[in-house]
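First the structure, in the form of structure tokens, and then the observations on it.
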Amino acid sequence: MDRMFALFIAYTFIWALIFWYTLRLGKRQNQVAEELEALKKSLKGRM
Amino acid sequence: MKQIQGKKGQVGALAWLTFAAITIALFLVFIYAPLEATMREVQKIFYFHVASAWLGMLAFFVVFVCSILYLIKRETKWDIYAYTSAEIGVIFTSIVLVTGPIWARPIWNTWWTWDIRLTTTLIMWFLYLAYGRIRASLGEEGKRAVYGAVFGIIAFIDVPIVFFSIRVWQDYQKTGLHPIVINSQGTGLAPDMKPAFFFSLFAFTILYAYLMQRSVKIETMKAEIKAIKDNVLG
């Protein structure tokens with residue numbers, strides 16, 4: 001394997017995985033925040 | 001349960017610090033650090049490969065400590081810290097296990113060898129994958145936390161083995177392909193490579209803190225949702 005190509009592939013993988021994980025955390029956070037907000041609103045509605 | 005809300009300003013500041021640290025690390029790796037004489041460009045994988053290994057072991061150490069604290073105090077927050085840290089540790093150990101062979105192929109002329117460092121790292125990765133599976137398979141919250149904590153303590157046995165075994169093995173067997181980065185004589189790195197190496201370790205430590213903060217915030221909100229639902233349903 002060409003050394004520059006190996007360097008490129010390695011760093012592409014590193015950043016792809018870090019970005020994927022960070023985006024996944026962001027998506028999860030938005031979903032949970034929305035659920036919490038909806039729950040709090042429905043509790044307020046009951047009172 | 002005590003409501004813990006991460007303040008937006010705090011998360012933002014850590015995110016910016018992480019971005020700055022990683023940017024500086026990339027500059028040091030690709031611009032400042034010289035090319036290694038034999039391996040040339042491909043040696044630059046080293047900086048983030050080792051930094052990922054450091055982050056993985058740090059994460060698993062946090063799992064170990066938080067698992068012990070959970071078993072002693074039985075507070076949910078220690079369980080949250082443990083399993084969020086384990087997830088991050090598995091991600092970065094995956095980086096180690098992929099970038100290592102990519103680096104190895106042009107240098108050792110093989111993708112993989114059952115060298116003691118590689119083998120024990122692979123075992124470590126499987127152990128923490130199993131940690132996640134064990135937790136996911138247990139429905140009852142209390143059991144999940146306790147079994148997870150026990151496994152998190154036992155699994156940590158492999159972490160010092162990963163670090164030290166290569167030193168013991170190469171002392172006695174005088175064989176082994178994987179280099180020892182830090183030994184009693186230092187790092188063996190050229191002086192101009194050391195800033196990139198040590199700053200990469202620092203940048204990844206900040207990255208770990210940022211990812212932990214985000215993950216813990218999510219899990220804390222989930223726990224708050226559960227607490228509200230439990231109160232409403234009685």
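The values are calculated or read from the model by the stated rules, or taken from the named source; none is laboratory data. Not measured: the values here are computed from a predicted model. Positions of Cβ are generated from backbone atoms using ideal geometry, with glycine treated the same way; all protein chains shown enter the neighbour counts.
For B:Ala15, are the conditions met, namely being modelled with pLDDT of 90 or more, away from chain A (no Cβ under 12 Å) and either more than 12 Å from the chain's Cα centre (by Cα) or closer than 20 Å to B:Val146 by Cβ (or both)?
On the way: modelled with pLDDT of 90 or more: yes; away from chain A (no Cβ under 12 Å): no; either more than 12 Å from the chain's Cα centre (by Cα) or closer than 20 Å to B:Val146 by Cβ (or both): yes.
Spelling it out, it is not the case that B:Ala15 is modelled with pLDDT of 90 or more, away from chain A (no Cβ under 12 Å) and either more than 12 Å from the chain's Cα centre (by Cα) or closer than 20 Å to B:Val146 by Cβ (or both).
Please specify each residue of region B:71-97 satisfying the condition of being touching a Leu at 6+ places or on another chain (Cβ under 8 Å) and of a type in the set (Val, Ile, Thr).
Within region B:71-97, B:Ile88, B:Val90, B:Ile91, B:Ile95 qualify.
State whether one or more residues within region A:1-16 are touching a Pro at 6+ places or on another chain (Cβ under 8 Å), within 7 Å of another protein chain (Cβ to nearest Cβ) and not in a helix (DSSP H, G or I).
Yes, the conditions are met somewhere in region A:1-16.
Going through region B:20-49 one residue at a time, which ones are away from every other protein chain (no Cβ under 12 Å), within 17 Å of B:Ala203 (Cα to Cα) and either free of Cβ contacts under 8 Å to residues at least 60 places away in the same chain or of a type in the set (A, V, I, L, M, F, W, C) (or both)?
Once the filter is applied, which keeps residues that are away from every other protein chain (no Cβ under 12 Å), within 17 Å of B:Ala203 (Cα to Cα) and either free of Cβ contacts under 8 Å to residues at least 60 places away in the same chain or of a type in the set (A, V, I, L, M, F, W, C) (or both), region B:20-49 yields B:Ala20, B:Ala21, B:Thr23, B:Ile24, B:Phe27, B:Leu28, B:Ile31, B:Ala33.
As an exercise: evaluate A:Phe19 against (1) surrounded by 12 or more Cβ atoms within 10 Å (Cβ to Cβ); (2) at pLDDT 90 or above; (3) over 23 Å from B:Ile107 (Cα atoms) and give the number of the one condition it does not meet.
Only one criterion in (1) surrounded by 12 or more Cβ atoms within 10 Å (Cβ to Cβ); (2) at pLDDT 90 or above; (3) over 23 Å from B:Ile107 (Cα atoms) is unmet by A:Phe19, namely (1).
Give all pairs with beta carbons closer than 6 Å in which a residue from region B:91-109 that is at the interface with chain A (Cβ under 9 Å from one of its Cβ atoms) meets a residue that is among the hydroxyl-bearing types (Ser, Thr, Tyr) and in a helix (DSSP H, G or I); count only pairs at least 6 apart in sequence or on separate chains.
Note: pairs meeting the criteria are B:Ile91/A:Tyr21; B:Phe92/B:Ser52; B:Ile95/B:Ser52.
Suppose the filter is of a type in the set (A, V, I, L, M) and under 19 Å from the mean Cα position of the chain (by Cα); does A:Ala38 pass it?
Criteria not met by A:Ala38.
What residue, of B:Ile68, B:Ile72, is among the aliphatic types (A, V, I, L, M), surrounded by fewer than 18 Cβ atoms within 10 Å (Cβ to Cβ), more than 10 Å from B:Ala149 (Cα to Cα) and modelled with pLDDT of 95 or more?
Details: B:Ile68 fails: more than 10 Å from B:Ala149 (Cα to Cα).
Exactly one of B:Ile68, B:Ile72 is among the aliphatic types (A, V, I, L, M), surrounded by fewer than 18 Cβ atoms within 10 Å (Cβ to Cβ), more than 10 Å from B:Ala149 (Cα to Cα) and modelled with pLDDT of 95 or more, namely B:Ile72.
With respect to B:Ser52, determine if the residue is within 11 Å of chain A (Cβ to nearest Cβ), small (Gly, Ala, Ser) and in contact with a Phe, Trp or Tyr (Cβ under 8 Å, 6 or more places away or on another chain).
On the way: within 11 Å of chain A (Cβ to nearest Cβ): yes; small (Gly, Ala, Ser): yes; in contact with a Phe, Trp or Tyr (Cβ under 8 Å, 6 or more places away or on another chain): yes.
Here the answer is yes, as B:Ser52 does meet what is asked.
Given the criterion at pLDDT 95 or above, buried (at least 18 other Cβ atoms within 10 Å of the Cβ) and away from chain A (no Cβ under 14 Å), identify the matching residue among B:Ala82, B:Ala86. Break it down into steps so the answer makes sense when it comes.
Details: B:Ala86 fails: away from chain A (no Cβ under 14 Å).
Unique residue meeting the criteria: B:Ala82.
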